[in-house]
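The structure appears below as structure tokens.
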Amino acid sequence: MRIDRADVIVTSPGRNFVTLRITTADGVVGYGDGTLNGRELAVAAYLRDHVAPLLVGRDAHRIEDTWQYLYRGAYWRRGPVTMTAIAAVDTALWDIKAKVAGLPLYQLLGGASRENCLVYGHASGRDLPELYDSIRQHLESGFRAVRVQTAVPGLESVYGVASSAAASVGGDARYDYEPARRSARPAEESWDTRAYLRHVPGVFEAVRHEFGPELVLLHDAHHRLTPVQAARLGKALEPYDLFWLEDVTPAENQEALRLVRQHTTTPLAIGEVFNTVWDYQALIREQLIDYVRSPVTHAGGVTALRKILDYAAMYQVKSGMHGPTDVSPVGIAASVHLGLAVHNFGIQEYMLPAPQTLEVFNPTFEFADGGLRPGEEPGLGVHLDEALAAEFPYERAYLPTNRLVDGTVHDW
Ligand code: GCO
Ligand code: MG
């Protein structure tokens, strides 16, 4: 199974995506997601200039060996660009192996451990009526779990809240929050932690009161708090029974989570910006978190995320794979195959992709009963329409940056 070529496809059907296509000498094609929001072209160049030439002539079946060759062989390890590029290769090779085996990928990973993968969507609102409306829309479209983000009085725009400016991506009005904007420079948002901490518990109290005890609720603090602020928020939210509180601190310093953990029983999820098991080592071993947020796309692929999740399973830590619209349908498909197979699946994030995204990628995964199932066809189950993809050229886009009211740059 010699690899004949590896090509990088950059397309922007609603937003930018990087896809690696690997073709074997006998014509089997596999796809891998290499999308890194706001830094897409760095991964595209890494793949095109440094990785693709190494793949030609290799045995497509040797997935573990290729992973180690790219990880150790580069000498320079880790980092989001490297690990996203390795993930694209790894995912494409799993797609090929499963197609050759004539099986959906999850079967090669051990088979289904459940009927489907519970997902959560993104509800948001600038005030309570708008938030309730967004939660209702999610429930009506079949979601059984929602992430709740709200505006903070006094702050103009806040992460996670659809506003008229942020709701328009690629010309499509979307209610979902989508942070990357097509512009020459990042937008700037402002932040005030005290205002946020005063406001958020009341919002969850109101939402619980309105929607009752059953609804699965989540919240993302997006790396903005210090450990002591995070501990306070976790404690304040305990009465509202969150499924998780996400990314409370930046967490480059894993030890910071000890303090948070000592003070709250609100479950913690972390790691969408992590890229290897080493980022999780202390967090998992010391049971400082409950959910691993890495998706296949940013953590070195199916091979590497499987190892992280197996390690996590020893400590009763579960998966909570990242799934905003900046993970392409190829990446979502890979995550859902893995999620269906592992025993310690927790929940999968899922923002409905834009219509043009679906037309270009044609994924076979299906959303039903509040969950995703990957479909039964061999491989990942994604059919990239490359002619259509070519009609959506790359457009520069950036995630916003954040400043405190006095102008200091703050975690976004
Ligand atoms: C999430 C994330 C995203 C990120 C985005 C950045 O929990 O879904 O925090 O909304 O902000 O993926 O590219
Ligand atoms: Mg997040």
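A few notes on this one:
- Residue check, G323 within 16 Å of ligand 2 (Cβ to nearest atom), at pLDDT 95 or above and either surrounded by fewer than 23 Cβ atoms within 10 Å (Cβ to Cβ) or assigned to a loop (DSSP other than H, G, I, E, B) (or both): yes
Residue-wise test of (1) crowded, with 23+ Cβ neighbours inside 10 Å; (2) free of Cβ contacts under 8 Å to residues at least 24 places away in the same chain; (3) not assigned by TED's automatic domain parsing to the domain that holds I332.
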{"position": "T11", "(1), (2), (3)": "yes, no, yes"}
{"position": "V29", "(1), (2), (3)": "no, no, yes"}
{"position": "G57", "(1), (2), (3)": "no, no, yes"}
{"position": "D65", "(1), (2), (3)": "no, yes, yes"}
{"position": "R72", "(1), (2), (3)": "no, yes, yes"}
{"position": "R78", "(1), (2), (3)": "no, no, yes"}
{"position": "T84", "(1), (2), (3)": "yes, no, yes"}
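- Identity of the residue in region 104-122, more than 16 Å from ligand 2 (Cβ to nearest atom) and either closer than 18 Å to P353 by Cβ or among the polar types (S, T, N, Q) (or both), that ends up surrounded by the most Cβ atoms within 10 Å (Cβ to Cβ): C117
The rows are residues; the columns are (1) under 20 Å from the mean Cα position of the chain (by Cα); (2) of a type outside the set (D, E, K, R).
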residue	(1), (2)
E246	yes, no
P250	yes, yes
R258	no, no
T265	no, yes
L268	yes, yes
E272	yes, no
Y280	yes, yes
I284	yes, yes
Y291	yes, yes
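- Counting only helices (runs of 4 or more DSSP H) that fall entirely inside region 1-119 and contain at least 2 residues that are hydrophobic (A, V, I, L, M, F, W, C) and over 15 Å from V382 (Cα atoms), the qualifying elements are 40-45, 52-55, 63-73, 80-101.
- Residue within region 290-312 that is touching a Pro at 6+ places or on another chain (Cβ under 6 Å) and over 21 Å from E64 (Cβ atoms) present: yes
- Of the residues making up region 392-411, those that are surrounded by 14 or more Cβ atoms within 10 Å (Cβ to Cβ) and in contact with a Ser or Thr (Cβ under 6 Å, 6 or more places away or on another chain) are F392, Y394, R403.
- So R261, is it basic (K, R), on the phi < 0 side of the Ramachandran plot and at pLDDT below 95: no
- Of all the numbered requirements in (1) at pLDDT below 95; (2) out of contact with any Asp or Glu (no Cβ under 9 Å at 6 or more places or on another chain), L233 misses one, and that requirement is (1).
- Selected residue [of a type in the set (K, R), at pLDDT 95 or above and in contact with a helix residue (DSSP H, G or I) (Cβ under 8 Å, 6 or more places away or on another chain)] from R5, R48: R5
- Scanning region 232-269 for residues being small (G, A, S) and either within 16 Å of ligand 1 (Cβ to nearest atom) or surrounded by 22 or more Cβ atoms within 10 Å (Cβ to Cβ) (or both) gives a total of 3.
- Qualifying positions in region 113-133 - more than 15 Å from ligand 1 (Cβ to nearest atom) and under 14 Å from L218 (Cα atoms): L118, L131
- Boolean, H383 is at pLDDT 95 or above and within 18 Å of V296 (Cβ to Cβ): no
- Taking (1) surrounded by fewer than 24 Cβ atoms within 10 Å (Cβ to Cβ); (2) at pLDDT below 95 in turn, A101 satisfies each apart from (2).
- Of the residues A313, A389, the single one that is over 21 Å from D7 (Cα atoms), away from ligand 2 (no atom under 16 Å from the Cβ) and surrounded by fewer than 24 Cβ atoms within 10 Å (Cβ to Cβ) is A313.
The values are calculated or read from the model by the stated rules, or taken from the named source; none is laboratory data. Values in this document were obtained by computation on a predicted structure and should not be read as measured data. Here the Cβ is made from the backbone with ideal geometry for all residues, glycine too, and neighbour counts use every protein chain on show.
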